[in-house]
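Notes for the one structure printed next.
The values are calculated or read from the model by the stated rules, or taken from the named source; none is laboratory data. Not measured: the values here are computed from a predicted model. Glycine gets a Cβ as well: all are built from the backbone with ideal geometry, and neighbour counts include every protein chain shown. Side chains are part of the model used for accessible areas, which takes the heavy atoms of the whole protein and leaves out ligands, DNA and RNA. Shrake-Rupley method; radii C 1.70, N 1.55, O 1.52, S 1.80 Å.
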Amino acid sequence: MVESSERIAAADVLRGFALLGILLVNIRYVSSPALYDESVRGGAFDRVLAAVVDVLFEASAYPLFAFLFGFGAMTMFRRISSRGKRPIPILLRRFLFLIGIGAVHAFGLWFGDILIPYAVAGFIMLFFFAAPPRWWWTAAVAVFFLFHGLMALLMTLSMWTGGTETVGGHEAEAAAAVRHYQSGTFGDVFWQRWHDWAYVNSDGGLLFTVLTVLPFCLLGCYASCERWLEPDRHSPAKLRRLMKWALCFGLALKTIPYWAGVNDLTMYIQNSFGGAALAVFYVAAAVFVCGKRSWQRAWRWWQDVGKMSLTHYLAQSLVCTSLFYGYGLGWYGRTSAWQEMLIAFALYATQVWISRFWFARFHYGPVEWMWRWGTYGTRPPFRRRPGQ
């Protein structure tokens, strides 16, 4: 098994940061019918807040988790192999267990689950774990640019022929979501959740999501082989240059819809290419920050949250649906952007505090502990012994 002392700080700091980003993005879809109606509720201040979240975190948080998913899988593969054990059966159980967690999350809490696509991408990676590291890099670049380049080309051709329209809403679908989530029974909420999941994942939607996260998973595998996240791997000057160029390029792409007009093509470029570029900035920034030992007191907070990111990810869905759905407080469709941001930051601050408290007493987060048990088939230690 991989002991906690072997964890790489930058990986956990990135998980902790990505957890905040994913919450800021997801809360809008948990609290309103934004899946069908992209309009922002509230005044000018709310629109500014929504734009900030859109530019900084939309389509930049999930690539971080996908990258770290591949990074963690390859790290496990190498460590298990070095101990003379067979890693593929262990990783297979890990991904199967993750599919189960994702199914419970998607159909029991919130339709916007990302764990199932990660697990499917993991199954694909199983066929390539023995490949040389350069293959992972080549495959990541090829899948990313071929897939997204083809999609952008098709959208450009459609635009030239008049087929691409500005993204619009679906009033009937949005009204049904408000009715069911805001004041419906538990059964109404379940079927609306099922409908929303099918809306996102049917007709090739799940395949699209898998192909979107797969290159980041492959890149994470390569990063593990090349020790990208270890603080002594890169000079501070190199990291600062990478951060500067990734931030400038990422912000330029992420703001395209704001100065070139909103349509399917500009939004696709914003999310697929801009989101990836900004994610590179966040990775470089995490490695840079974790290389500063004098800053450890600050980044340890992010690290503790990241060490139980799966537990916190599921807890965010549980808390938010309890606040917004009819079987809870029924706030669905009744909050503005600034109120949602306030709730998100309050929830995340609570998770930061809980994490410090938790790891003073336990080795793993509760869901991580169960996932580890299911992966290895033996129960790992849970409570810390006195003085440990």
*Just name the residue that is surrounded by the fewest Cβ atoms within 10 Å (Cβ to Cβ) out of those in region 261-284 that are touching a residue at least 60 places away in the same chain (Cβ under 8 Å) and β-branched (V, I, T).*
V262
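Might you check whether a residue that is aromatic (F, W, Y), in contact with a helix residue (DSSP H, G or I) (Cβ under 8 Å, 6 or more places away or on another chain) and either modelled with pLDDT of 90 or more or not in a helix (DSSP H, G or I) (or both) occurs anywhere in region 261-269?
Yes, the conditions are met somewhere in region 261-269.
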_Enumeration of residues in region 220-232 that are open to solvent by less than 40 Å² (accessible area, probe 1.4 Å) and either assigned to a loop (DSSP other than H, G, I, E, B) or aliphatic (A, V, I, L, M) (or both)_ = A223, L229
_Q192 being out of contact with any helix residue (DSSP H, G or I) (no Cβ under 6 Å at 6 or more places or on another chain) and either surrounded by fewer than 16 Cβ atoms within 10 Å (Cβ to Cβ) or over 17 Å from A140 (Cβ atoms) (or both)_ = no
*Determine if region 69-80 includes at least one residue that is open to solvent by less than 40 Å² (accessible area, probe 1.4 Å), within 18 Å of L310 (Cβ to Cβ) and in contact with a Lys or Arg (Cβ under 8 Å, 6 or more places away or on another chain).*
yes
*Cross-chain or 6+ apart pairs with Cβ under 7 Å, region 354-368 first and farther than 11 Å from S309 by Cα, then outside any helix (DSSP H, G or I) and among the hydrophobic types (A, V, I, L, M, F, W, C)*: W358/M308; F362/F382; H363/F382
*Of all residues in region 327-351, count the ones that are open to solvent by less than 30 Å² (accessible area, probe 1.4 Å) and in contact with a Phe, Trp or Tyr (Cβ under 7 Å, 6 or more places away or on another chain).*
1
*Filter region 120-144 down to residues that are touching a Pro at 6+ places or on another chain (Cβ under 9 Å) and surrounded by 13 or more Cβ atoms within 10 Å (Cβ to Cβ) and give me whichever is nearest to R93 (Cα to Cα).*
F129
*Go through (1) assigned to a helix (DSSP H, G or I); (2) surrounded by 14 or more Cβ atoms within 10 Å (Cβ to Cβ); (3) of a type outside the set (S, T, Y) one by one and return the number of the condition L153 breaks.*
(2)
_Taking the condition of being surrounded by fewer than 20 Cβ atoms within 10 Å (Cβ to Cβ) and in a helix (DSSP H, G or I), how many residues in region 96-119 meet it?_
9
*Can you work out which of the residues in region 24-34 that are assigned to a helix (DSSP H, G or I) and more than 15 Å from A59 (Cβ to Cβ) is farthest from the chain's Cα centre (by Cα)?*
S31
*Is there a residue in region 196-214 that is crowded, with 18+ Cβ neighbours inside 10 Å, among the acidic types (D, E) and within 24 Å of I114 (Cα to Cα)?*
yes
*Working only within region 233-250, note down all residues that are of a type in the set (D, E, K, R) and either open to solvent by less than 90 Å² (accessible area, probe 1.4 Å) or within 17 Å of F71 (Cβ to Cβ) (or both).*
R233
*Could you please find all residues in region 352-384 being open to solvent by 40 Å² or more (accessible area, probe 1.4 Å) and outside any helix (DSSP H, G or I)?*
A360, R361, G377, T378, R379, P381, F382, R383, R384
*Considering only region 37-51, how many residues are open to solvent by 50 Å² or more (accessible area, probe 1.4 Å), in a helix (DSSP H, G or I) and touching a residue at least 12 places away in the same chain (Cβ under 8 Å)?*
2
